[in-house]
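Just so you know, all these numbers are worked out from the coordinates, no wet-lab data involved. Computed from a predicted model, the values in this text were never measured in an experiment. Every residue, glycine as well, gets a Cβ built from its backbone with ideal geometry; the counts of neighbours run over all protein chains shown.
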Amino acid sequence: MKTQIILGIAAIALSLVAVKSFTPALAYQGDPAVKGPNYTEARHITNVTAFEKGDYKAWVANMVGRGATRFVNEANFKDFAKAQLGAQKGDLTLLNAFRAKYGMGQGNGQGNGAGRGGRGMRVNQ
C-alpha cells in the first residue's frame, strides 16, 4: 500500500515536471504588444520619443545595455526605429525583416552553450 502511494506521488510529480518543461515561452518574447517583466512606462515613453526623433544616443542611454542594444547601432538605428514604430501600430513586417537581417531573436545559434551548463561549443575551453 505504501509503495503504491509513493509511486502515485512520484508519477504526479513527474507529470508536473513534464508539463512545465513543455510550456511555451512567455508571449512577450518577440511580441512588442505584450509588456515584459522589465517594462516601465518611463522607459517606454523615452524610447518612443527617441524612435520618433531618430535619436540613437537618447535610446541607447535609456536602454543601458538591455535587449536590442547588442544588435542596434547608430548606423542601423533609423531602420530599427521605423520598425519599432510600425510594430507599435501592429505592423510587424519591418520589425521581422530587421530581426532576420541582423540575427535578432531566439535560436539563431549565437548562444555558445548558454543554458547548457557551460558545455556548449565554445572555442578554447
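Given the alpha-carbon gyration tensor of segment 27-102, what are the semi-axes of its equivalent ellipsoid in whole angstrom, ordered largest first, with each equal to the square root of 5 times an eigenvalue? Numbers along the way, then the final one.
Details: eigenvalues 52, 49, 29 Å².
The three semi-axes for segment 27-102 are 16, 16, 12 Å.
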Label model pair residue 2, residue 49: point-to-point distance (7 angstrom along the Cα→beta-carbon line) in nm is 6.8 nm
Under 28 Å between alpha carbons, and skipping anything fewer than 8 positions from residue 78 in its own chain: which lysines qualify? 35, 53, 57, 89, 101
